[in-house]
Number of protein chains: 2
Amino acid sequence: MIVDERRSRILQIAEELGFVSLQRLVSELGASESTVRRDLEFLDSSGHIQRTRGGASYLGDAQSDFDARRSLASREKQWIAKRTAELISEGETVLLDGGTTTLEVARHLTGKTIQVLTNSLPIASLLMNRPEIELIFIGGYVYPKTGVALGELSVDALRKIHAGRLIMSTGGITEEGLFNSNALLVETERQMIRAVDRVTLVADSSKFGQRALSHLCPLSDVDEIVTDDGVSSEWRQRMESAGLRMEIAGGSLVKIAK
Amino acid sequence: MIVDERRSRILQIAEELGFVSLQRLVSELGASESTVRRDLEFLDSSGHIQRTRGGASYLGDAQSDFDARRSLASREKQWIAKRTAELISEGETVLLDGGTTTLEVARHLTGKTIQVLTNSLPIASLLMNRPEIELIFIGGYVYPKTGVALGELSVDALRKIHAGRLIMSTGGITEEGLFNSNALLVETERQMIRAVDRVTLVADSSKFGQRALSHLCPLSDVDEIVTDDGVSSEWRQRMESAGLRMEIAGGSLVKIAK
DNA sequence: GCAAGTTCAATCATCATCATTCATAATCTT
DNA sequence: AAGATTATGAATGATGATGATTGAACTTGC
């Protein structure tokens, strides 16, 4: 086998598993232990993997995490995401907040000719190579783990832009409005709201009644909520009487291929 | 068989498979090993394919193989990247330009407690989950394929920040200064230069003598250049007499462009 | 703390791939 | 058609990659 091809396969396997033992690579690649060792040494010194005793671990996001995140996106989130994406028509300009649900929404946006603005690194990475989507990234301090840009730079950038619709996530919803756990995040999301004509909130039904550290905005700032059918009629009425349109995404969808 | 016909068949096969071994081409084309080698050399220097030991891989639009995770850079780029990373000390604030070489530099920055600012989506994705690196993204219009943020938003963001050092890439270097192919990119890079104390250019030796569409800046804006040892002593002297420090990284084999 | 078992880096002989050279064949010029 | 130019294929030595072996460094279990 060609050397580069073998090294690519090592990276592929490492990415998939997060960690590979040397022995596994030996048997999977059909190369000798020495050769695999040399490959690992090379990939380590080039910064792709981190050698450890007995094998090597992948640097950066292991795919297992990624897939976990995807499958952890519950059926409810998938439904919400799909329904939300259906609300968006060709040619629109959409501002996408960070979050797992909004990431699922982004997945469903591919194929539409639209303009997307976002402060989420995972969403941007996802849409980067899609020629039909014009992507604008809202920069700022990148919050670890979530990969969302926040802070003064983000707020400044948001002051200069405008979009037709905001797809926003939240930590919790009560009659007093929306909440989130992080003050920096709240500051950024407030500016997002000011930058758009229409605010669409995506929130699974567990978020209703939840409070969090920082108050984000009153209900009147939100135009519509897309949620799943686990929301109580009580909450539904409260929201509707506050003037919000409720979009319930249910199981009446096409079954997801196994 | 006609020369051009054989070469276009090589391209065809390479495009289809992404990678072809030399042996396969020999048996598929019925030409001798020497001839196929010569063809590969030609197609490599003309930029269609990338020769590797044992075969060649197709380049076509595979620039979108900007997949931060799995891409394997050439040895020259690796050397340059490693040496450049060594120039950066703990606690520094570094502004990283987009580009394949700077991406490799980013790979070698892991483990250092530093602050990184960048407008490159692949670099940001790579460094996102590294707790020791404080990451700030310079937002803007995301240029397809390369994943670099450009334009007015980027320039505005750059106006507000400051860093100790800029690691910059370029399309070409002559005595008149640096060049790049894209006007938007040039505009953004100019602002980058203004935002830092010290400019470090990373450029493999093939860039010397190359001009491109847009003039980026004079040589006096650059403080040091990290390149590979394929650079001629002539160019080296020209750069040094212009007051630039030349840092020559590693190895010996460099293809001479046709 | 010791012994058995792993894992590792270093070395070496072997093999594959590569750049170079040269003689010959094909193609282009005039 | 003769001479010049270029392409081809085989041969050669140089360089790089591979796999086996060895003793050192490390882990594990007691």
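The values are calculated or read from the model by the stated rules, or taken from the named source; none is laboratory data. Model, not experiment: these values are computed from the prediction. A quick note on method: Cβ atoms are made from the backbone with ideal geometry, for glycine too, and the neighbour counts reach across all protein chains shown. Accessible surface areas use protein heavy atoms only, side chains included; no ligands, DNA or RNA. Shrake-Rupley method; radii C 1.70, N 1.55, O 1.52, S 1.80 Å.
Quick look at the values:
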read-out	value
Distances in nm from A:S45 to the matching label points in the other copies, shortest first (labels 7 Å along Cα to Cβ)	2.9
Shortest-first distances to equivalent copies, position A:M246, nm, label 7 Å out along Cβ	7.3
Estimated FRET transfer efficiency (A:D229, A:K145; beta-carbon r; R0 41 Å; 0.05)	0.85
Heavy-atom accessible area order for A:T110, B:T118, largest first, 1.4 Å probe	A:T110, B:T118
Point-to-point label distance, B:R245-A:E240, nm (Cα→Cβ direction, 7 Å offset)	7.0 nm
Unsatisfied cross-links (Cα-Cα over 30 Å) in the set A:K82/A:K207; B:K77/B:K145; B:K82/B:K207; A:K145/B:K160; A:K112/B:K82	A:K112/B:K82
Cα-only Debye scattering, the protein assembly as shown: base-10 log of I(q)/I(0) at q = 0.07, 0.13 Å⁻¹	-0.45, -1.30
Solvent-accessible area, 1.4 Å probe, carbon plus sulfur percent, for the protein assembly as shown	46 percent
The range A:164-210 and the range B:172-249: distance between their alpha carbon centers, rounded to Å	46 Å
Estimated vicinal HN-Hα couplings, Hz - the range A:88-99 in sequence order (Karplus 6.51, -1.76, 1.60; Gly, Pro = x)	8, 9, 3, x, 6, 10, 10, 9, 10, 6, x, x
Occluded residues from the range A:149-166, i.e. those whose accessible area drops by 20 Å² or more once the chain is not alone (1.4 Å probe)	A:L153, A:D156, A:K160
Average other protein chain Cβ within 10 Å of Cβ, residues B:31-42	0
For A:H215, solvent-accessible area (1.4 Å; no DNA, RNA or ligand), Å²	70 Å²
Label spacing, shortest first and in nm, from B:Q12 to its equivalents in the remaining copies (7 angstrom along Cα→Cβ)	2.6
Buried accessible area, chains B and A (both chains, 1.4 Å probe, Å² to nearest 100)	3300 Å²
About the Cα centre, charge dipole magnitude for chain B (Lys/Arg +1, Asp/Glu -1 at Cβ), debye	360 debye
Residues of chain A: accessible area per residue with a 1.4 Å probe, Å²	45 Å²
Ratio Rg/Rh, restricted to the range A:89-202 and using Cα atoms, in which Rh is the Kirkwood radius	0.94
Taking chain B and dividing mean pair separation by its residue count, relative contact order in percent (alpha carbons under 8 Å, at least six apart)	15 percent
Under the Karplus curve 6.51 cos²θ - 1.76 cosθ + 1.60, θ = phi - 60°, whole-Hz ³J(HN,Hα) for the range B:103-109, x wherever Gly or Pro sits	4, 5, 4, 4, 4, 8, 8
Rh by Kirkwood over Cα pairs, then Stokes-Einstein D for chain A at 1.306 mPa s and 10 °C, µm²/s	78 µm²/s
